[in-house]
Amino acid sequence: MSPESASTYPGVPEEVVGHHFSSLERQTEAMRLGMWLFLATEVLLFAGLFCGYTVYRFEFPLAFEQSSRHLNITLGTLNTVVLITSSFTVAMAIHYTRTNQRKMAAVCLVITILFALLFLGFKAIEYAEHFREHALPGKYYASAEVRIPGAAMFYTLYFLMTGLHGLHVIAGMSVLGFVLWRTLQGRYSSNYYMGVELGGLYWHLVDLVWIFLYPLLYLI
Amino acid sequence: MRLSEADSHALAGAAAHRNYLEDGTTVMSWLNTRDHKRIGVMFLASVIFFFLIGGIFALALRMKLLQPGPFLYDALSYNRLFTLHGVVMIFLFLIPAIPAAFGNFVVPLMIGARDVAFPRLNLASFYMYWAGALIAIYGMVHGGADTGWTFYTPYSSTTPTDVAPILLGAFVLGFSSILTGLNFIVTTHTLRAPGLSWMRLPLFVWGIYATSIIQILATPVLGITLLIVTVERIGGFGLFDPARGGDPVLFQHMFWFYSHPAVYIMILPGMGVISECVCAFSRKNPFGYKAIALSSIGIAFVGFFTWGHHLFVAGQSTFNAGAFGILSMLVGIFTAVKVFNWVGTMYRGAIAFKTPFAYICGFLYFLVFGGMTGVALATTSLDIHWHDTYFVIAHFHFIMVGASVMAFLAALHYWFPKMFGKVYPEGWGLVAASLIILGFNATFIPQFLLGNFGMPRRYYQYPEQFQALNVASTAGATLLGFGFLIILIYLAIALKYGAKSEANPWGSKGFEWMTDSPPTTHNFDQIPTITQMPHDYRTHEPPGVTRVA
């Protein structure tokens, strides 16, 4: 059966509408709610680390302040700009899909994925710097720069938080890559664009987590 | 081959009237199913399997405790056994038991839906359950952990036993639990049949909804905590290691932020089951529908603010301890509201004393007893005496085994005809129920006494004056084991040779009985329109609905 035939909703591939939903609107509502709930679980996953950060920041205020000064603020700021811009391009991809400009949507998704790669590249340069300086977590910490108790803890949290965030960047990239593939296949249109919207929501979360990580790790 | 339109309609019609068990009999038709009923049945088989494994661990522990000194096996094996008993029973049995097995099966039926909102995610949740289980089993075979299911640091990050795979297994199981919960919340929001407003939702759905909120909001915190401990074991990162400036009490806070609400993941679905069964077997409308429904949400909410009562002796401030103590007692109020409403429902009802009703009686007694000892334990001064003794063990087994397993067994018997279309032997059901309730009391009442006399939990050896009570407890556990064995045998026989059940053998007005038993693959020929409250026994209409063409 070809996707167009017998579809109750014009321009919507039939197999995307579940037999158990009374209407496409209902299904869209369900998918949005499901995504928001999933994002809530992601926020709580990071919340554990933010809680740890708060506790140890109070415990070792001086070590955290000094270690924070030794992070590469230029790269951190650049990465913030990169991610915020990528959130804009992914929003544009949704806009272009909704207005049936498939090519522009694909271009925006490609740019977003390139920004994600750029972010990971900058992050890798930073990580390489930390490894050179032995500014590493826990028992591996041997940096000559800050030698007071708590500096190792700062780097434990730094690596756990940016590491988990980095994994989310990679996950987000994969999701957007999948969405790009589907876009090129012509699966989305103004009638049905849930994939792009949900992928975009996930990418915004990845961005949002960084917006909290950046001031906590680099600025204060 | 192309079918004419009439042919394909006839085929579709035949498929629609075949029940879900007959709709494909190959192994792949089960493993690759999207049908919530089949996924529910697969979960049911899996949790029963792990319940047996966890039960065997428990019996092995009790056998050692017959003797005060070294007996049967060494102390390290004992430590591994109680860890595995806890991990298996909590992560592989209690948490998925009612929501993933019965919730999956009956929630869509109760709300008049053809499936859960995300059928593929539902299947993924089943496979994640097994992935987590296999990782944990690998850890068990590969030496097993000796930390207790609580994985307290710094011991868990330094012990030579293989903790990492078990932590990782629990992490993956958490994902499975999150996906199940997410699915139920979205299903309840978007797939209710026409006319089914929130204040007409069956009480079991309220219970599952409240459970799902906890699953979604608490489980990720456990996930990150276990992940940090795994990283510590592998990398020596020191986040919870006092030698590196870390704070092991922070682990306890983060662990219990999940694991206390997790207690309500285990009991709230059970309370939902009891709410359904009380109405069905008293043939009466629920007394105080709103109070039962909303107290579930109340427990889910308050449950998030009680974790500190596990840390009364962990160096918490007096103010914190007092605050957490009082907040913990609030759970008692919501629970009492439910208990009074269940008893109110029974009052002047036409009670049918079937097997599920026997379990209701057991449930009420265990819940009240376990709940009151819980309130006592939330009192700081008393807790300092009872902390980490068998009193605590007896208390939470009264809730988790006493109450939750009674509810699980009530659900198993109440919905057995619904799920498989067969009748179980009522006489044997009552025999097993009496044996279990008796055996349970004999197992855990001695443990209350032992705890009060000061016997600590998780000790391999104990002073000789505690032997008599320990022997009594082991005898009770054996009785309990026999009870479960009888159920397993007669249900297996009923499944194969049992008489065919009617569509609604209990004459229940619960909404899940709107369909055939067992239901067809798509549950309903037409989506029903709900015009009544669930369990409305004032009319002679079929369960709560009029069907519209």
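Laboratory data are not the source of any read-out in this text; all were calculated from the coordinates shown. Note that the structure is a prediction, hence the values are computed from the model and not measured. Neighbour counts run over all protein chains shown; Cβ positions are idealised from the backbone, glycine included.
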Notebook entry, point to check: To the nearest Å, what is the center-to-center distance of the range B:290-341 and the range B:356-373, using C-alpha atoms only?
Noted result: 19
Next item on the list: Please give the residues of the range B:193-207, grouped as numeric ranges, whose backbone N is less than 16 Å from a label point set 7 Å along the Cα-to-Cβ vector of B:Phe301.
Entry: B:207
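Highest first, please rank the peptides B:502-510, B:400-408 by the mean number of other Cβ atoms sitting within 10 Å of their residues.
B:400-408, B:502-510
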Note to self: Quick check on packing: order B:254-263, B:59-68 by the mean number of other C-beta atoms within 10 Å, highest mean leading.
What the structure shows: B:254-263, B:59-68
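Please give the calculated 222 nm ellipticity per residue for chain B, where each DSSP H segment of at least 4 residues contributes -39500 (n - 2.57) and the sum is spread over every residue; nearest 500 deg cm²/dmol?
The helix contribution divided over chain B gives -21000 deg cm²/dmol.
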Next item on the list: Using the number of other C-beta atoms within 10 angstrom as an exposure proxy, rank B:Ser197, B:Ser473, B:Ser434, B:Ser46 with the fewest first.
Entry: B:Ser197, B:Ser434, B:Ser46, B:Ser473
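For chain B, just run the numbers: alpha carbon Rg, then divide by 2.2 N^0.38 Å, N being how many residues it has.
0.97
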Notebook entry, point to check: Which whole-number percent gives the relative contact order of the range B:314-390, counting Cα pairs below 8 Å spaced six or more residues apart?
Noted result: 51
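Taking each residue in B:190-196, count the Cβ atoms of any other chain within 10 Å of its Cβ, then average. What number comes out?
Numbers: counts 13, 7, 0, 1, 1, 0, 0.
For peptide B:190-196, the averaged partner shielding equals 3.
With a cut-off of 8 Å between alpha carbons and a minimum separation of six or more residues, what is the relative contact order of chain B in percent? Numbers along the way, then the final one.
Numbers: 935 pairs, mean separation 97.2, N = 549.
Answer for chain B is 18 percent.
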Item checked: Between 0 and 90°, nearest 10: helix B:36-64 axis offset from chain B longest Cα axis -> 30
Check: So, in chain B, how many Lys pairs have Cα atoms under 15 Å apart, if the pair is 8 or more places apart or on different chains?
Finding: 7
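Can you sort A:Met194, B:Met271 so the residue with the fewest Cβ neighbours within 10 Å comes first?
Final ranking by Cβ density, sparse to dense: A:Met194, B:Met271.
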Next item on the list: Could you work out how far helix A:73-98 tilts from the main Cα principal axis of chain A, as a 0 to 90 degree angle to the nearest 10?
Entry: 10
Next item on the list: Please give the contour-minus-distance gain from B:Tyr138 to B:Ser381: 0.36 nm per residue of separation, less the Cα-Cα distance, rounded to one decimal in nm.
Entry: 83.3 nm
Check: So for A:Thr28, A:Thr54, fewest C-beta neighbours within 10 Å to most, what's the order?
Finding: A:Thr54, A:Thr28
Next item on the list: Normalising by the residue count of the range B:167-295, find the relative contact order in percent from Cα pairs under 8 Å and 6+ residues apart.
Entry: 32
Next item on the list: Rounded to the nearest 10 degrees, what's the angle between the helix B:75-87 long axis and the longest principal axis of chain B, both from Cα atoms, 0 to 90?
Entry: 30
Check: How long, wide and thick is the protein assembly as shown, going by the Cα atoms along their three principal axes, in whole angstroms, largest first?
Finding: 82, 77, 44
Next item on the list: Taking H placed 1.01 Å from N in the peptide plane, check which residues at least 5 places from B:Thr389 or on another chain put their amide H under 5 Å from its amide H.
Entry: B:Arg457
